[in-house]
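Heads up: the structure comes next, in structure tokens.
The values are calculated or read from the model by the stated rules, or taken from the named source; none is laboratory data. Keep in mind that what you see is a predicted model, and the values were worked out from it rather than measured. Backbone-built Cβ (ideal geometry, glycine too); neighbour counts: all protein chains shown. Note: areas computed on protein heavy atoms with side chains; ligands, DNA, RNA excluded. Shrake-Rupley method; radii C 1.70, N 1.55, O 1.52, S 1.80 Å.
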Amino acid sequence: MCNFGMTSRQLDMDEVLAQWDQLLERLGEGIQRLHIGPGGSFFTDAEVPAAVRVAVIRRLARLPFLRAVGMETRAPFVTEQKLEEVVSALPPSVERLTLGFGLECVSDLPRLVCINKGYGPTEILRTLDIMRTVESRHAGLTIAFEAYVMLKPIFMSEQEAIGEALQTIDWVLRHGGETAVLFLNTVKENTLQAVLAGPLEKPSSICYRPPFLRSAIEVLLQLPDEWREKTVVLGPQSAMPAHQLPKSCALCSWPLNGALVAHNLYRDPAVLHGAAAIVCPCKDEWEQELGADSETLVARATRGIEWLESEARSWGTTRAPVTLH
Ligand SMILES: [Zn+2]
């Protein structure tokens with residue numbers, strides 16, 4: 001679902017650090033908060049070797065006003081030693097370190113089967129323990145976490161997607177997440193969902209379409225006030241172009257997108273209520289979609305995987321069979 005299908009070649013350490021220096025130069029000295037989105041996992045050695053990780057953090061010392069640093073990583077790769085190395089390399093001005101984990105869906109079936117995430121709540125809780133241990137050794141530093149929540153993975157209905165996002169945000173914030181980031185799914189090049197959204201003939205129940213913008217507004221409106229204020233919405237804004245974006249129509253795309261951006265900036269629910277009340281043709285379409293659910297996710301996912309497997313065979317690709325539990 002992500003940008004990896006468009007990843008170019010892997011850079012060596014000198015190239016990475018040269019680019020990093022150029023970027024920091026462009027940002028200027030006044031930066032107070034910096035989020036490092038490695039396009040993957042900051043604590044995974046195969047993606048960011050230990051020496052690069054520490055060198056990237058050390059270079060932040062050129063930002064004298066830096067208070068908060070964040071980075072994305074897969075939770076199971078955060079060991080006490082690696083976290084300690086990163087924390088020790090932080091400039092002394094930094095008071096807050098935030099690790100961002102992709103949880104995507106708290107339920108096992110969509111997370112493990114539709115997304116193939118490979119880890120989940122158990123691993124995140126284990127990492128939170130490690131974070132507390134390291135934090136206790138560094139007075140004046142808070143180590144927090146945020147988590148990324150996927151709105152509408154493949155095979156999920158619109159209604160299931162809304163319910164799963166609500167449950168996932170609930171889990172993140174109940175476990176002390178500083179922010180839940182709701183990502184509206186898009187269709188990117190070289191992804192499974194591009195195949196499922198593409199022109200090949202397939203059962204209609206497994207065709208992929210990104211979520212409606214209205215579903216994101218619905219998720220926000222269903223959250224308790226305190227949690228809505230800790231939830232932001234991202235996804236359509238990306239450095240990598242998407243074939244398909246979250247859905248709406250020509251009449252409502254500006255106000256609905258605008259309401260989501262306004263929510264990120266101001267957290268004023270009146271903007272969301274206003275957006276939800278806009279009447280347009282796609283509102284009817286969205287409401288029909290919410291009511292149009294007949295079979296279970298297990299049935300849809302099973303059919304989808306069978307179809308993908310048979311397609312893969314016809315492309316001459318071999319891979320291990322996927323089973324659902
Ligand atoms: Zn519309």
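Placing +1 on each Lys and Arg Cβ and -1 on each Asp and Glu Cβ, with no other charges, gives the stretch 25-144 a dipole about its Cα centre of roughly 260 debye.
Per residue, the stretch 1-109 exposes an accessible area of 50 Å² to a 1.4 Å probe, with every protein chain left in place.
Checking the Cα-Cα distances for LYS82/LYS188; LYS202/LYS283; LYS247/LYS283; LYS82/LYS117; LYS117/LYS152 against a 20 Å cut-off, the pairs over it are LYS82/LYS188; LYS202/LYS283; LYS82/LYS117.
Remark: the stretch 52-96 projects, on average over all directions, an area of 3.1 nm² (convex hull of Cα atoms).
Here's how it looks for GLY102: its modeled amide H is under 5 Å from those of THR73, ALA75, TYR148, which are all 5 or more places away or on a different chain. Taking Lys and Arg as +1 and Asp and Glu as -1, the other residues whose beta-carbon sits under 10 Å from that of CYS249 total +1. Taken over the stretch 12-116, the percentage of Cα pairs per 10 Å bin, counting from 0 up to the bin with the maximum distance, is 14, 44, 29, 11, 2. For the chain, the longest principal axis of the alpha carbon atoms and the long axis of helix 297-314 meet at an angle near 90°.
Over the chain, the reciprocal of the mean inverse Cα-Cα separation, the Kirkwood hydrodynamic radius, stands at 21.2 Å.
Near the amide H of ARG67, within less than 5 Å, lie the amide hydrogens of ARG33, all on another chain or at least 5 residues away, with H placed in the peptide plane. Note on the chain: with a GNM built from Cα contacts shorter than 10 Å, the maximum mean-square fluctuation among GLU123, GLU309, GLU189 falls on GLU309. Summing Lys and Arg as +1 and Asp and Glu as -1 over all other residues whose Cβ lies under 13 Å from the Cβ of PRO210 gives a net charge of +3. On the stretch 43-132, 52 percent of the accessible area sits on carbon and sulfur atoms, based on a 1.4 Å probe. Here the Gaussian network model covers the chain, with springs between Cα atoms less than 10 Å apart; of SER253, SER310, SER107, SER310 fluctuates the most.
Selection among THR127, MET240, PHE145 by position relative to the dipole of the stretch 110-261 gives MET240 as farthest towards the positive end (Cβ unit charges, Cα centre).
Specify the angular offset, from 0 to 90 degrees and rounded to the nearest 10, of the alpha carbon long axis of helix 121-136 from the longest principal axis of the alpha carbons in the chain. Orientation of helix 121-136: about 20 degrees from the principal axis. Applied to the stretch 143-151, the Karplus parametrisation 6.51 cos²θ - 1.76 cosθ + 1.60 on θ = phi - 60° returns per-residue 3J(HN,Hα) values of 10, 10, 9, 10, 9, 9, 10, 8, 8 Hz, with x for Gly and Pro. Among 281-288, 212-219, the peptide with the highest mean count of other Cβ atoms within 10 Å heads the list, and the full ranking is 212-219, 281-288. Here, the stretch 131-181 is characterised by an Rg to Rh ratio of 1.19, where Rg is the alpha-carbon radius of gyration and Rh the Kirkwood radius. Between the helical axis of 13-27 and the longest alpha-carbon principal axis of the chain there is an angle of about 90 degrees.
For the chain, a simple Cβ point-charge model (Lys and Arg +1, Asp and Glu -1, everything else neutral) yields a dipole of about 380 debye relative to the Cα centre.
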